[in-house]
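Enquirer: Pasting a structure here, questions to come.
The values are calculated or read from the model by the stated rules, or taken from the named source; none is laboratory data. Computed from a prediction, not measured in an experiment: that's the story for all the values here. Cβ sites come from the backbone with ideal geometry, for glycine too, and all protein chains shown count toward neighbours. Calculation scope for accessible area: heavy atoms of the full protein, side chains included, ligands and nucleic acids excluded. Shrake-Rupley method; radii C 1.70, N 1.55, O 1.52, S 1.80 Å.
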Amino acid sequence: MEKRYSARALRRLAVALCLLWLPLPATVHAAGAEFSLKDYCPAGFQLNGEGCYLQSLYASYDSLQDSGVGGLKTGLPELRQGFSPRQIDLGRLLFFDPVLSGDHSMSCASCHDPNKGFSDGRALSVGSKGQLAKRSAPSLWNVGFLKRLFWDARASSLEEQMLGPLYDSHEMANTPEQLLTDLRASSAYRELFAQAFNGDSSIQLDQVYTAIAAFESSLISLNSRYDLYAHGYHEALNEAEIEGMNIFRSFVARCAECHTPPLFSHQQIAVIGTPEPNNRPLDPGVAAVTGDASQRGGFKVPSLRNIALTAPYMHSGRFATLREAAEFYTGGRGHAVPPGEKLSLHWHIWEPKLTGEELDRLVDFMGALTDESFMPQIPASVPSGLAPVVGVQ
Amino acid sequence: MVRAMHWLVIALSLVAGMHSAWAADIPVKEGESIQAAVNRAAPGDVVLIHPGEYRESVYVDKDNITLRGVVVDGEWPVLEGEGKRNDAILYSGNNFTVEWLTIKHFKGNAIMGQAGNNYTIRYNRVIDTGVYGIFPQFGKNGLIEYNVLSGIEDAAIYVGMCDNVVVRHNEVFDNVAGIEIENTRHAIVENNYAHNNTAGLLVFITPGLPIKTTYDVILRNNFVVNNNTENFGAPGSIVAKVPKGIGVVIMAADEVVVEGNIISGNQTAGIVITDLAFVTDIASDPDSEPNPDRIEILDNLMFDNGADPVADVKAAMMTQFKRRGPDILANFGSAQEPDNCILNKEQYVTFGLKKWSKCERTSTADIETYLLADGAPPREIENDEDRTLRLYQGICAGCHAYNMRMIGPPTVAIQALYHNNAKGIADYIAEPHKVRPDYPPMPGQGHLSEEIRQKVAEFMLNVKK
């Protein structure tokens with residue numbers, strides 16, 4: 001305890017000395033002014049003590065065993081929250097800054113583009129040197145509620161997850177050393193990290209991860225017209241959408257059994273046997289992580305919130321439209337499993353014999369899950385001095 | 001005297017108040033729509049469904065609604081799915097009751113609940129309604145009684161991911177599974193008649209579901225008889241893998257008590273206790289604990305079980321030089337461990353129970369019910385202040401930031417415009433009209449009560465950043 005305190009004191013001293021020795025304090029001040037971090041919470045959050053906490057009408061409801069799954073008036077799973085306003089805002093700047101990639105060409109927002117539902121509109125994402133990633137970029141809306149991340153559920157926290165894209169040679173292709181060197185070379189970032197982390201301008205990797213996790217956790221989408229219906233304002237959905245909702249939760253289509261409200265995912269692994277595009281070999285999914293053959297072809301069930309914004313669909317972007325994605329489920333159990341493959345398909349994959357009209361209504365309903373009212377601001381400039389990068393360049 | 005008058009006034013006003021809140025009966029006659037009646041209904045209302053045939057699906061997303069069939073001279077109201085409609089009744093509201101209906105020929109379920117607490121499902125006749133008959137899911141505190149169900153290709157009564165449930169006095173026959181308790185805690189299944197199904201009573205943990213446990217389940221005083229029907233479960237479904245001829249299956253569940261049942265004529269086995277290995281070809285779930293633990297088989301009347309067991313069971317029995325199946329079979333693995341117990345083991349034909357211990361208790365008579373005396377309480381309703389905060393931050397703040405243009409004008413601009421006129425804001429948001437040409441129109445908030453609109457408006461005028 002004493003040791004930690006003295007380390008902190010030393011760090012403070014170092015910060016003070018650094019500030020004294022900076023050759024051009026005016027520049028730092030200017031940079032600091034340009035990028036001063038917000039001291040208020042993002043939309044939907046309320047400051048409580050030092051941290052921002054989500055205010056949602058869903059807090060009025062319980063869920064069985066606190067599982068965060070159920071029906072219309074069901075409480076949410078636990079959210080990663082309590083980050084300070086400045087940490088969240090620093091995360092926002094980092095998120096759009098291409099200084100995070102090895103060759104300064106990509107930001108997080110390259111593949112998680114706010115204009116595309118925080119996805120990229122591609123079947124497979126593209127890395128900094130044009131390499132194809134293995135899977136489709138998932139949306140980040142409501143990602144702070146998820147207990148497992150990546151299609152194959154191999155990460156259990158946002159901090160652990162982001163190590164993937166940051167350092168994968170197929171994605172942002174950076175190294176921890178270069179990331180730190182680049183950020184520490186920026187006086188603006190040193191100033192901003194000091195603002196976000198109790199005056200500590202040294203810039204540590206865990207601070208980078210914390211800030212990005214803080215920003216990602218603030219991406220909340222719970223104000224769709226569906227939500228108004230759920231809270232009791234039934235006029236919010238039209239007849240076609242209500243019909244679609246009833247098909248969605250029926251035990252024939254069974255969508256809600258895995259895409260369970262209120263997040264529209266129950267966050268479990270499911271083997272459903274979707275086809276790969278262009279004769280690509282079967283993606284083993286979770287089995288490649290766990291070595292458990294029964295999980296071959298298994299993926300984490302994605303949330304369907306803002307799903308209308310994030311075509312194409314499935315882990316490999318095999319389906320261009322929601323209609324095609326919905327139609328997969330009525331094509332017959334295992335109809336797209338390659339010959340010779342034996343998958344332990346989920347029991348809810350069956351033969352619901354949905355009509356074309358029912359598929360249309362399902363698409364109507366999924367469209368009612370769209371809500372971007374808490375869209376964060378895309379920064380006009382980022383502290384590295386590079387141009388912010390949004391979407392595929 | 002004045003005081004007495006005072007009380008009288010209070011008493012009268014209470015009566016008057018109650019009158020306005022009295023439940024209304026909303027009659028539905030043949031040719032009319034049950035759904036239209038539900039849409040008109042307010043919490044507390046009873047939809048009275050008169051005899052006749054109703055070709056529709058009904059959904060109930062409100063609290064405190066009762067759907068009650070009216071049976072006249074033996075004529076019932078019938079919900080007819082014609083083999084093409086999905087579910088007959090879907091509900092999500094709390095305190096839902098459905099009773100006195102005949103439900104036939106749906107593709108999915110007869111009655112399906114998603115997250116409603118305090119449900120009552122009784123006096124219904126359910127015939128060939130597809131996958132399940134009665135299926136409450138994610139609900140706390142439910143009573144399922146006096147229903148008769150047949151011809152279901154999975155479980156006739158399927159309690160999935162629920163807490164505090166009593167299933168009693170039902171008759172289930174000619175189904176694949178009679179009554180199934182799955183990933184559910186604190187359940188009593190008593191005084192039911194489960195016959196001529198593929199399997200009678202099932203207590204399961206199914207892997208891959210978001211709620212992982214089943215424990216504290218009592219199966220008592222049921223008739224579990226002649227469950228020998230060929231399995232006609234849908235390919236790929238879990239019950240399609242259950243061999244025919246089993247009275248009771250306990251898979252992976254913990255703390256299940258079997259007491260006072262009459263279990264006879266089930267040709268594979270009377271009771272099977274097993275771990276998850278029983279179901280093959282299913283993706284594993286490391287978060288599901290696969291072993292049945294602390295099972296108690298108290299006194300039951302069992303005879304004539306195992307007369308013609310399926311091949312696997314026959315092979316296992318051959319190792320004991322017996323040709324017939326057992327009353328009680330503990331499958332290989334943890335089901336044979338001594339944390340499980342039985343009374344008077346010697347009276348039954350058993351397999352795999354060598355290490356089982358003797359139960360300490362002899363009866364569950366001290367446990368009358370697992371229903372909650374006061375129902376499942378709603379979440380501690382927050383005060384108006386909390387609700388106002390959630391409304392403002394959860395909805396208004398999506399468009400109005402303090403001093404920045406978002407979808408709507410900044411909060412400071414609104415504060416400057418309205419000063420202390422909260423009512424002005426409250427009225428405006430009920431029916432917004434376009435004020436500023438450079439902003440999109442605001443969606444109306446008329447669904448909020450006047451009182452809560454006023455509070456949100458006051459809150460907005462006091463926002464500091």
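Enquirer: Using the structure shown, decide if residue A:81 is at the interface with another protein chain (Cβ under 10 Å from one of its Cβ atoms) and either surrounded by fewer than 24 Cβ atoms within 10 Å (Cβ to Cβ) or basic (Lys, Arg) (or both).
Expert: On the way: at the interface with another protein chain (Cβ under 10 Å from one of its Cβ atoms): no; either surrounded by fewer than 24 Cβ atoms within 10 Å (Cβ to Cβ) or basic (Lys, Arg) (or both): yes.
It is false that residue A:81 is at the interface with another protein chain (Cβ under 10 Å from one of its Cβ atoms) and either surrounded by fewer than 24 Cβ atoms within 10 Å (Cβ to Cβ) or basic (Lys, Arg) (or both).
Enquirer: Something else now. Could you tell me whether any residue of the stretch B:354-368 is within 14 Å of chain A (Cβ to nearest Cβ) and open to solvent by 20 Å² or more (accessible area, probe 1.4 Å)? If you could, list the steps in order and put the result at the bottom.
Expert: Just the residues of the stretch B:354-368 that are within 14 Å of chain A (Cβ to nearest Cβ), to begin with: none.
No; the residues of the stretch B:354-368 include none that is within 14 Å of chain A (Cβ to nearest Cβ) and open to solvent by 20 Å² or more (accessible area, probe 1.4 Å).
Enquirer: Let me ask you something else. Quick check on my filter: what residues within the stretch B:5-38 are at pLDDT 95 or above and open to solvent by 90 Å² or more (accessible area, probe 1.4 Å)?
Expert: B:25, B:29, B:30, B:32
Enquirer: Being more than 7 Å from chain B (Cβ to nearest Cβ) and in a loop (DSSP other than H, G, I, E, B) is the filter here; which residues of the stretch A:57-72 pass it?
Expert: So the first thing to find is which residues in the stretch A:57-72 are more than 7 Å from chain B (Cβ to nearest Cβ), and the list is A:58, A:63, A:66, A:68.
A:63, A:68 - these are the residues of the stretch A:57-72 that are more than 7 Å from chain B (Cβ to nearest Cβ) and in a loop (DSSP other than H, G, I, E, B).
Enquirer: Just a yes or no: is a residue in the stretch A:53-69 over 30 Å from residue B:165 (Cβ atoms), crowded, with 18+ Cβ neighbours inside 10 Å and in contact with an Asp or Glu (Cβ under 8 Å, 6 or more places away or on another chain)?
Expert: Checked against the condition, which is being over 30 Å from residue B:165 (Cβ atoms), crowded, with 18+ Cβ neighbours inside 10 Å and in contact with an Asp or Glu (Cβ under 8 Å, 6 or more places away or on another chain), the stretch A:53-69 yields no hits at all.
Enquirer: Related question: Where residues in the stretch A:289-312 are part of a helix (DSSP H, G or I) and within 14 Å of another protein chain (Cβ to nearest Cβ), which of them is surrounded by the fewest Cβ atoms within 10 Å (Cβ to Cβ)?
Expert: Per the stated criteria, the residue is A:293.
Residues are listed down the side, and each one gets a yes or a no for (1) more than 16 Å from residue B:225 (Cα to Cα); (2) of a type in the set (Gly, Ala, Ser); (3) out of contact with any strand residue (DSSP E or B) (no Cβ under 7 Å at 6 or more places or on another chain):
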residue: B:296; (1), (2), (3): yes, no, no
residue: B:304; (1), (2), (3): no, no, no
residue: B:308; (1), (2), (3): no, no, yes
residue: B:315; (1), (2), (3): yes, yes, yes
residue: B:319; (1), (2), (3): yes, no, yes
residue: B:323; (1), (2), (3): yes, no, yes
residue: B:334; (1), (2), (3): yes, yes, yes
residue: B:344; (1), (2), (3): yes, no, yes
residue: B:347; (1), (2), (3): yes, no, yes
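Enquirer: Could you grab me the full set of residues in the stretch B:387-403 that are more than 8 Å from chain A (Cβ to nearest Cβ) and either part of a helix (DSSP H, G or I) or at pLDDT below 80 (or both)? Break it down stepwise before answering.
Expert: Taking the stretch B:387-403 and keeping what is more than 8 Å from chain A (Cβ to nearest Cβ), we get B:388, B:396, B:400, B:403.
Of everything in the stretch B:387-403, those that are more than 8 Å from chain A (Cβ to nearest Cβ) and either part of a helix (DSSP H, G or I) or at pLDDT below 80 (or both) turn out to be B:388, B:396, B:403.
Enquirer: Collect the residues in the stretch B:45-71 that are open to solvent by less than 30 Å² (accessible area, probe 1.4 Å), closer than 22 Å to residue B:93 by Cα and among the small types (Gly, Ala, Ser), keeping them in residue-number order.
Expert: Listed by number, the list holds a single entry, B:69.
Enquirer: Quick one: how many residues across the stretch A:361-393 are part of a loop (DSSP other than H, G, I, E, B) and of a type in the set (Phe, Trp, Tyr)? Steps first, answer last, please.
Expert: So in the stretch A:361-393, the residues part of a loop (DSSP other than H, G, I, E, B) come out as A:368-393.
Filter again for of a type in the set (Phe, Trp, Tyr), leaving A:374.
Adding up the residues that qualify gives 1.
Enquirer: If you take the residues in the stretch B:155-179 that are open to solvent by 10 Å² or more (accessible area, probe 1.4 Å) and assigned to a strand (DSSP E or B), which one is farthest from residue B:134 (Cα to Cα)?
Expert: The first filter runs over the stretch B:155-179 and keeps only residues open to solvent by 10 Å² or more (accessible area, probe 1.4 Å), leaving B:158, B:164, B:168-169, B:171, B:173-174.
Going one step further and asking which of them are assigned to a strand (DSSP E or B), we end up with B:158, B:164, B:168, B:171, B:173.
Details: B:158: 6, B:164: 16, B:168: 13, B:171: 12, B:173: 14 Å.
The qualifying residue farthest from residue B:134 (Cα to Cα) is B:164.
Enquirer: Also, quick follow-up: Here are the criteria: (1) open to solvent by less than 10 Å² (accessible area, probe 1.4 Å); (2) outside any loop (DSSP other than H, G, I, E, B); (3) outside the structural domain of residue B:242 (by TED's automatic domain parsing). Tell me which single one residue B:144 does not satisfy.
Expert: (3)
Enquirer: Still on this structure, I have one more. Do we have any residue at all in the stretch A:84-107 that's touching an Asp or Glu at 6+ places or on another chain (Cβ under 7 Å) and under 12 Å from residue A:391 (Cα atoms)?
Expert: Taking every residue of the stretch A:84-107 in turn, at least one turns out to be touching an Asp or Glu at 6+ places or on another chain (Cβ under 7 Å) and under 12 Å from residue A:391 (Cα atoms).
Enquirer: Which of the numbered conditions does residue B:315 fail, given that it passes all the others? Conditions: (1) of a type in the set (Gly, Ala, Ser); (2) open to solvent by less than 10 Å² (accessible area, probe 1.4 Å); (3) out of contact with any Lys or Arg (no Cβ under 9 Å at 6 or more places or on another chain).
Expert: In the conditions (1) of a type in the set (Gly, Ala, Ser); (2) open to solvent by less than 10 Å² (accessible area, probe 1.4 Å); (3) out of contact with any Lys or Arg (no Cβ under 9 Å at 6 or more places or on another chain), residue B:315 misses (2) alone.
Enquirer: Before we move on, is residue B:155 over 14 Å from the mean Cα position of the chain (by Cα) and in the same structural domain as residue B:288 (by TED's automatic domain parsing)?
Expert: Values: over 14 Å from the mean Cα position of the chain (by Cα): no; in the same structural domain as residue B:288 (by TED's automatic domain parsing): yes.
So residue B:155 does not fit the description; no.
Enquirer: Can I ask one more? Restricting to the stretch B:180-191, count the residues that are touching a Gly at 6+ places or on another chain (Cβ under 7 Å) and outside any loop (DSSP other than H, G, I, E, B).
Expert: 1
Enquirer: Could you check, for the stretch A:152-167, whether at least one of its residues is within 22 Å of residue A:219 (Cβ to Cβ), at pLDDT 95 or above, open to solvent by 10 Å² or more (accessible area, probe 1.4 Å) and among the basic types (Lys, Arg)?
Expert: Within the stretch A:152-167, one or more residues are within 22 Å of residue A:219 (Cβ to Cβ), at pLDDT 95 or above, open to solvent by 10 Å² or more (accessible area, probe 1.4 Å) and among the basic types (Lys, Arg).
Enquirer: Out of the residues in the stretch B:369-394 that are out of contact with any helix residue (DSSP H, G or I) (no Cβ under 8 Å at 6 or more places or on another chain) and of a type in the set (A, V, I, L, M), which is least open to solvent (accessible area, probe 1.4 Å)?
Expert: Among those that are out of contact with any helix residue (DSSP H, G or I) (no Cβ under 8 Å at 6 or more places or on another chain) and of a type in the set (A, V, I, L, M), it is B:376.
Enquirer: Still on this structure, please answer the following. I'm checking my understanding of the structure. Among residues of the stretch B:95-116 that are open to solvent by 10 Å² or more (accessible area, probe 1.4 Å) and within 8 Å of chain A (Cβ to nearest Cβ), which one is nearest to residue B:178 (Cα to Cα)?
Expert: Filtering first and then ranking leaves B:107.
Enquirer: Just to be sure I understand the filter: pairs with C-beta atoms under 7 Å, separated by 6 or more residues or on different chains, first member in the stretch A:118-130 and surrounded by 21 or more Cβ atoms within 10 Å (Cβ to Cβ), second member assigned to a loop (DSSP other than H, G, I, E, B) and at pLDDT below 90. Which pairs pass?
Expert: Note: pairs meeting the criteria are A:120/A:392; A:125/A:133; A:127/A:133.
Enquirer: Can you pull out every residue in the stretch B:168-196 that is touching a residue at least 60 places away in the same chain (Cβ under 8 Å) and in contact with a helix residue (DSSP H, G or I) (Cβ under 9 Å, 6 or more places away or on another chain)? Quick ask: steps written out before the conclusion?
Expert: Within the stretch B:168-196, the subset touching a residue at least 60 places away in the same chain (Cβ under 8 Å) is B:176-177, B:181, B:186-188.
Answer for the stretch B:168-196, where residues must be touching a residue at least 60 places away in the same chain (Cβ under 8 Å) and in contact with a helix residue (DSSP H, G or I) (Cβ under 9 Å, 6 or more places away or on another chain): B:176, B:177.
Enquirer: Still on this structure: Only residues that are open to solvent by 30 Å² or more (accessible area, probe 1.4 Å), among the polar types (S, T, N, Q) and outside any loop (DSSP other than H, G, I, E, B): list them for the stretch A:88-117, please.
Expert: A:115
Enquirer: Which residue pairs have Cβ atoms closer than 6 Å, lie 6 or more positions apart in sequence or on different chains, and pair a first residue in the stretch B:55-82 that is within 14 Å of chain A (Cβ to nearest Cβ) with a second residue that is of a type outside the set (Val, Ile, Thr) and assigned to a strand (DSSP E or B)?
Expert: B:59/B:90; B:60/B:91
Enquirer: May I ask you to list the residues in the stretch A:235-261 that are facing chain B (nearest Cβ under 10 Å) and within 23 Å of the chain's Cα centre (by Cα)?
Expert: Of everything in the stretch A:235-261, those that are facing chain B (nearest Cβ under 10 Å) and within 23 Å of the chain's Cα centre (by Cα) turn out to be A:256, A:257, A:258, A:260, A:261.
Enquirer: In the stretch B:117-126, how many residues are within 10 Å of the chain's Cα centre (by Cα) and open to solvent by 20 Å² or more (accessible area, probe 1.4 Å)?
Expert: Step one: list which residues in the stretch B:117-126 are within 10 Å of the chain's Cα centre (by Cα), which gives B:117-121.
If we keep only those that are open to solvent by 20 Å² or more (accessible area, probe 1.4 Å) as well, we get B:117-118, B:120.
Result for the stretch B:117-126: 3.
Enquirer: Also, quick follow-up: Taking the criterion of being within 30 Å of residue A:37 (Cα to Cα) and either within 14 Å of another protein chain (Cβ to nearest Cβ) or of a type in the set (Phe, Trp, Tyr) (or both), would at least one residue in the stretch A:349-370 satisfy it?
Expert: Yes: the stretch A:349-370 contains one or more residues that are within 30 Å of residue A:37 (Cα to Cα) and either within 14 Å of another protein chain (Cβ to nearest Cβ) or of a type in the set (Phe, Trp, Tyr) (or both).
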